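The values are calculated or read from the model by the stated rules, or taken from the named source; none is laboratory data. Keep in mind that this is a model prediction, so the values were computed, not measured. Positions of Cβ are backbone-derived with ideal geometry, glycine not excepted, and every protein chain shown enters the neighbour counts.
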Amino acid sequence: MALPVEFLSRPLAHRGLHDLAQGTPENSPAAFCAAIAGGYGIELDLQMSADGHAMVFHDDDLDRLTGETGNVRERTALELGQIPLKGGGEPIPTLATVLDIVKGQVPLLIEIKDQDGALGPKTGELEADAASLLRAYSGPVAVMSFNPHAIFAFRASAPNISAGLVTCNFTQSGWEHVTDQRRAELTHMPDLEPLQAEFISHDRADLQSSVVRRVKRAGLPILCWTVRSAEQERKARQVADNITFEGYLA
């Protein structure tokens with residue numbers, strides 16, 4: 001299924017239109033409502049609870065975004081749903097909760113966070129729960145992940161929902177648990193064709209790479225992350241078809 005056209009016409013608010021100083025944390029219901037009110041699309045992240053439910057949360061650990069500590073995957077959905085987000089007070093939402101808020105009003109770009117730990121094949125449970133919810137959802141939606149295995153698993157449960165890859169050159173920090181060989185493989189995006197990916201969302205600082213140029217020549221839509229100023233947006237749009245933004249109003 002092709003990427004819905006709505007993803008090319010509205011900038012996508014990164015983790016919702018969040019502003020912690022205004023009491024609107026990232027990936028919170030308030031941030032999603034603010035994005036809808038502003039007419040923006042929404043990008044959000046999924047982590048898995050201990051009992052297999054899709055939770056809307058970016059980090060593996062609770063420490064940065066809540067007053068709790070430990071891994072998200074060590075708590076049940078009920079437990080996570082009682083933990084308030086720092087700066088706003090709303091609890092960590094489930095994907096089901098967010099879908100009820102958005103209700104197809106704006107495009108929804110969902111990133112499945114890596115559950116393997118090394119961008120490998122230990123995937124499936126989070127993808128299956130997300131797919132079961134999204135199959136019943138009406139509205140423009142697309143799913144993506146840095147881990148191609150996650151998208152293969154999602155496709156197995158929801159073949160009619162647009163899916164793509166989050167991509168970069170994998171040289172920046174944050175990939176300490178991924179082998180050099182695996183990072184080198186993913187840099188060249190070998191899974192795009194076997195996966196039949198409908199788009200990529202690429203690091204905006206690496207949009208001039210030869211790999212991205214190859215993808216663009218092939219006709220795949222190119223989204224990018226994360227744009228944080230009007231000047232960054234101007235440069236990104238020389239290549240990208242749309243942006244994911246935060247910290248200013250696109």
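Structure notes:
- Condition met for LYS122 (farther than 19 Å from ASN160 by Cβ, at pLDDT 95 or above and either of a type in the set (A, V, I, L, M) or surrounded by fewer than 16 Cβ atoms within 10 Å (Cβ to Cβ) (or both)): yes
- Residue check for PRO159: part of a loop (DSSP other than H, G, I, E, B), out of contact with any strand residue (DSSP E or B) (no Cβ under 7 Å at 6 or more places or on another chain) and either under 15 Å from PRO4 (Cα atoms) or modelled with pLDDT of 95 or more (or both): yes
- Comparison of GLU193, GLU185 shows that the only residue that is over 16 Å from the mean Cα position of the chain (by Cα) and surrounded by fewer than 15 Cβ atoms within 10 Å (Cβ to Cβ) is GLU193.
- Check on CYS168, more than 30 Å from LYS103 (Cβ to Cβ) and within 15 Å of the chain's Cα centre (by Cα): yes
- Only one entry in ASP63, ASP19, ASP51 is without any contact (Cβ under 8 Å) to a residue 60 or more places away in the chain and under 18 Å from ALA250 (Cα atoms), namely ASP19.
- Checked against (1) closer than 24 Å to ALA153 by Cα; (2) polar (S, T, N, Q); (3) surrounded by fewer than 17 Cβ atoms within 10 Å (Cβ to Cβ), THR167 meets all criteria but (3).
- Within region 162-191, the set of residues being out of contact with any strand residue (DSSP E or B) (no Cβ under 8 Å at 6 or more places or on another chain) and of a type in the set (Val, Ile, Thr) comprises THR171, VAL178, THR179, THR187.
- Flag if SER201 is of a type in the set (Ser, Thr, Tyr), surrounded by fewer than 16 Cβ atoms within 10 Å (Cβ to Cβ) and either closer than 20 Å to TYR40 by Cα or modelled with pLDDT of 95 or more (or both): no
- Scanning region 20-35 for residues that are hydrophobic (A, V, I, L, M, F, W, C), more than 18 Å from LEU108 (Cβ to Cβ) and either crowded, with 17+ Cβ neighbours inside 10 Å or under 15 Å from the mean Cα position of the chain (by Cα) (or both) gives no hits.
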